[in-house]
Structures are given as structure tokens and as C-alpha cells.
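Q: Sharing a structure, written as C-alpha cells. Questions coming.
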Amino acid sequence: MKSLQFLGDSRVAVVDIPRPKPGPGQMLVKVVVSALCGSEMHSFYSPGVKPGGGHEFAGVVEDPNGQAGFSKGDRVAVHVVTGCGVCRHCRAGNEIFCETLAFPPNSHSEYSTPWAHHCLKLPDDIDWETGVLIGGDAMGVAYHLSRRVGVNAHDTVAVFGLGPIGLGIVSLWSFLGARVIGVDFSAWRREFAEKKLGCWKTVDAGKKGVVDKLRKLTGREGPDICLEATGKPAPVTQCFEAVRKGGKIGIVGEQGQATFNPSDGLIHKEVNVYGAWYFRLQEFPGMVELCRRGLKPKQVITHRLPLEEAQKGYDLMAAQQCGKVVFRP
Ligand SMILES: [Zn+2]
């Protein structure tokens, strides 16, 4: 079958590999749509040949492999993080805290073998691309973050970073009624957020005075909520500086170190800070319902490419000239 391979140093190829066989608890799924995740860029940039990535996908069950509740032909989206299923965290529905996390195999391929427990059946009125986004990072993280932090229609929210996850946040939180300010270096992404996703205003992260601009846009008080989705240290600091007194901060951008001033940024302002990683299986029906009420997760998709043109997708991500990129294997 066709499958993506990282060749190292920002190059990818499509190679022929054997079709995988589902192991215990897994099913064979024919991939229909597989989305490019920003987390793959580490593999893309680094040297050396690696098997292809991809973990956000939806497809058709080709072989249910005896898994209860599934039949050949079922349409499914795949939740990426799988726990052991029996520890206290898994029992509580928090599989992302499990000590033995596993991730579905490479999905930038014709077939993949996800665990049946993490396959989410797609209702007939949810199309493939919507299914990928609400079963994956772009809308899944945005939705989980909205539930963690809590958002009101009267909130003004600054979103630092308009990559695929930041754009998902802009799209969802605007839909939920909040007034969203997008902060990013990329003029392309700022314009996309404003023109297509309902972003109220944007601020150029590359110019001086980002915090001051956020204050000016919010009557000098600062945003009610600041969300960090860049994975860079400076915006973390800016979140603490910009957020209004008594406001909230949500952090989803993965990174090792960042600094903030506890007295000025947290203690005296009495700010609440939330980390959020990945959505829970039980949050999927809520996202389906929002789609039925008019949320259009597909708005964040800017490029649809056959797998053979995957190089173009990664190049666009590297240049920050795209929203979400999806492949059709
Ligand atoms: Zn577990």
C-alpha cells in the first residue's frame, strides 16, 4: 500500500509498504482523509529517514477483526491517544493520563490499524472532513480547551498562535459568541482568521507592543482570556502580562520552558491558569451536536491534496501559508 515516509531535512516521499495487519483490539481501517498535524513538523525538519506520520484520520472499517460493535463498512474517526483501559485514569475517562499511552499507527497511508475502543462512529450527517477535525486535534483540542477554561459570549479572548490548533480555537470560540483577537507572525494566517473564521481583530506578533495593542483593543483592561497555542516561550510571558485582572489563561502550545512574573502576572491579578492537552472520547457527541447547530470545522481546511502531493502540504506548513492541510491517500 501507499504510505508516507520522511526522508529527512524537509523532504517526504510516498513509498510502497506491506498493508498492516490488525493486532488484538485493533481494526483494519481504509483511510479516507488524513490530516497533517503541526506536531509532525519535528519529524519533517530533522535528518534521517523515518516512517511516515499522521494520526488524525477518518476512514471505513475494512476488517473489524472481531471487535464488538463494529462492522465492515462502518465510517469512523479515530481519537489519537489510547490508554490501557483499566487503570484509574482510563476508568475515569482520562486516558491521556495513562502510564501506558499508545498512538495509532501511521495514517498518511492507504490503511491503518487503530484500536477499536478509540474509533468514533461517524453519524451519516457528519461528512469525512468534519469527522477528521472533530475526531482530531484541530477541533478536539479547541473544544476541550473551551470546556476546561470556560468561555462566555461576553468574553474577549486573545489567541496567541494561528496554526491549525489556534485557527480551530478561533473558529470554535467565535462560533460560541466570544470576541476573538488572533496574534500571529504570519500575515497570511491573520488575514485568513479574520476573513474566513470570524476573528474580530488580529495583532502582528512580529511588531513591538503586542501587550499594549491587546490592552488598547480591550479598553485598557486586557483580554478576559489569553490562550497560548504557539509553543514558544515569549507568548506565554505575554499571556500573563496581557490578561485582565481576575482573567483566565489557557495553555496548549507544547514546550519545555517559559517564564512569567508570579507577583504581577498571577498573584495580584488572581488569574486562573489551565493546561489542556487532548479531548476525551466522551466529548465527541458534544462536538457532533455543535456541528448540527451550525459550527463548520471544515472552515479551517485550506488545502486538500492527494497523498502523492504531500511534500507541498509540508512546505506550506513550514511557510505558514495554510490552515489545516488534509491528504486523501
Ligand atoms: Zn490506563
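Q: So how strong a dipole does the chain carry about its Cα centre when Lys and Arg Cβ are +1 and Asp and Glu Cβ are -1, to the nearest 20 debye? Write down the numbers at each step before the final one.
A: Values: 39 positive and 33 negative charges, 136 e Å.
Approximately 660 debye in magnitude.
Q: Where the convex hull is taken over the Cα atoms of the stretch 213-252, what is its projected area averaged over directions, in nm²? Each step should come with its number before you reach the end.
A: Values: hull surface 10.2 nm².
If I average the Cα hull's projected area over directions, I get 2.6 nm².
Q: At 7 Å along the Cα-to-beta-carbon direction for both Arg293 and Lys72, put a label point, then send me their distance in nm to one decimal.
A: Those two pseudo-labels are separated by 4.0 nm.
Q: Roughly how many nanometres apart are two label points built 7 Å out from the Cα toward the Cβ at Gln282 and Ser46?
A: 3.5 nm
Q: Hey, another quick one. Put Asp315, Asp204, Asp9 in order of accessible area, largest first, 1.4 Å probe: what do you get?
A: Working: Asp315 70, Asp204 35, Asp9 95 Å².
In descending accessible area the options line up as Asp9, Asp315, Asp204.
Q: While we're on this one: Can you pull a Stokes-Einstein diffusion coefficient for the chain at 37 °C (0.692 mPa s), Rh from Kirkwood over Cα pairs, as a whole number of µm²/s? Write out the running numbers ahead of the final one.
A: Details: Rh = 20.3 Å.
The estimated diffusion coefficient comes to 162 µm²/s.
Q: Quick one: of Lys2/Lys232; Lys269/Lys324; Lys121/Lys201; Lys2/Lys121; Lys21/Lys312, which pairs are farther than 32 Å apart, Cα to Cα?
A: Exceeds cut-off: Lys2/Lys232; Lys269/Lys324; Lys121/Lys201.
Q: Report the calculated FRET efficiency for Thr100 and Glu221 (r = Cβ-Cβ distance, R0 = 45 Å), to the nearest 0.05.
A: Working: r = 45 Å, r/R0 = 1.01.
E(calc), rounded to 0.05, equals 0.50.
Q: Answer rounded, prolate or oblate for the stretch 141-275, using the Cα gyration tensor with square roots of eigenvalues a ≥ b ≥ c: rounded when a/c is under 1.5, else prolate when a/b is larger than b/c, else oblate.
A: Numbers: a/c = 1.33, a/b = 1.25, b/c = 1.06.
Verdict is rounded for the stretch 141-275.
Q: So for Tyr45, Tyr111, what's the accessible-area order with a 1.4 Å probe, most first?
A: Details: Tyr45 110, Tyr111 20 Å².
The most accessible residue leads, giving Tyr45, Tyr111.
Q: Calculate, for Leu266 and Ala187, the FRET efficiency according to 1/(1 + (r/R0)^6) with r their C-beta to C-beta distance and R0 41 Å; round to the nearest 0.05. Present the calculation step by step, with values, prior to reporting the outcome.
A: Details: r = 32 Å, r/R0 = 0.79.
For R0 = 41 Å, the calculated efficiency reads 0.80.
Q: Let me ask something else. For the pair Gln321 and Lys207, what calculated FRET efficiency results from E = 1/(1 + (r/R0)^6), where r is the Cβ-Cβ distance and R0 = 22 Å, to the nearest 0.05? List each step's numbers first, then the result.
A: On the way: r = 20 Å, r/R0 = 0.90.
For Lys207 and Gln321, the calculated efficiency is 0.65.
The values are calculated or read from the model by the stated rules, or taken from the named source; none is laboratory data. These numbers come from a predicted model, not from an experiment. As a convention, Cβ positions derive from the backbone with ideal geometry for all residues, glycine included, and neighbour counts pool all protein chains shown. These accessible areas exclude ligands, DNA and RNA; they are computed on the full protein's heavy atoms, side chains included. Shrake-Rupley method; radii C 1.70, N 1.55, O 1.52, S 1.80 Å.
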